[in-house]
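Okay, structure first, notes after.
The values are calculated or read from the model by the stated rules, or taken from the named source; none is laboratory data. Note that this is a predicted model, so its numbers are computed, not measured. Positions of Cβ are backbone-derived with ideal geometry, glycine not excepted, and every protein chain shown enters the neighbour counts. We work out accessible area using only protein heavy atoms, side chains counted, and drop any ligands, DNA or RNA first. Shrake-Rupley method; radii C 1.70, N 1.55, O 1.52, S 1.80 Å.
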Amino acid sequence: LDNDVYIFPNAEPLPEINGLMNVREPEGNSSNIFRQVNGLDNTYGYFNSGVTLCDSLVAKKLHHYMIKRLEIKKRAKGKNSDNMLLNEFIIENKEIFNELDCKWNYMPFLENSKKIPSPNFFHFVGIIGKQILNTLQDKNINIEKFLNELKKN
C-alpha cells in the first residue's frame, strides 16, 4: 500500500489473492503515454501500483524483477515511475495478473475517475489528493470524518 491510501474501518475482507492484482487507473495522460511507448491499443489497461495484492510466489517474482531492473539500470519507458514499471511487469506476466474492482483503490482525484459510493480503500493520489491530505494533516482534521462528509456530497 502507498502511504497515501486510507482503509475504511468498515472495508470488506480482502478478496482471495491469486497472482498479481491491481486496479485500473482512470484514463489519462499516464495511460496514454504507457500505451504509446509500448505499442498497445486503447483497450489495454494501465494499472495503479498504490494498492498491490499478490500471493507469495508472485511477490518473489515481482521483487526479483524490480531488483534486476535496478541492477541493470533499465528505466521504465515513458515516465520512469513505479506505475510504469509495474505495468511493464504486467505485460510480461499477463497470465498471473487479475484486475481488481476500483473499490480496492478508489482514486477520485484523478481525471476521469468513476465515482463510487462505498470504496474500501481511498487513494489520495495526484496533486489534488496530496494537497488535500497535507491540509487535513496540517489542520488536524480527522480523515474519516472528512471522507464521510465527502461521500454525502
Residue ID - least open to solvent (accessible area, probe 1.4 Å), chosen from residues in region 60-80 that are under 16 Å from residue 20 (Cβ atoms) and out of contact with any Leu (no Cβ under 9 Å at 6 or more places or on another chain):
63
Determine, yes or no, whether residue 30 is closer than 17 Å to residue 126 by Cβ and either in contact with a helix residue (DSSP H, G or I) (Cβ under 7 Å, 6 or more places away or on another chain) or of a type in the set (A, V, I, L, M, F, W, C) (or both).
yes
All but one of (1) of a type outside the set (Asp, Glu); (2) closer than 24 Å to residue 29 by Cα; (3) surrounded by fewer than 16 Cβ atoms within 10 Å (Cβ to Cβ) hold for residue 150, so report the exception by its number.
(2)
Could you please tell me which pairs satisfy a Cβ distance under 6 Å, a separation of 6+ or placement on different chains, a first residue in region 51-63 that is over 18 Å from residue 5 (Cβ atoms), and a second residue that is open to solvent by 40 Å² or more (accessible area, probe 1.4 Å) and not in a helix (DSSP H, G or I)?
55/17
If you go through 132, 116, the only one that is without any contact (Cβ under 8 Å) to a residue 40 or more places away in the chain, under 23 Å from residue 30 (Cα atoms) and part of a helix (DSSP H, G or I) is 132
Any chance residue 140 is modelled with pLDDT under 95 and loosely packed, with under 13 Cβ neighbours inside 10 Å:
no
Condition check: more than 20 Å from residue 52 (Cβ to Cβ) and either among the β-branched types (Val, Ile, Thr) or in a loop (DSSP other than H, G, I, E, B) (or both). Does residue 108 satisfy that?
no
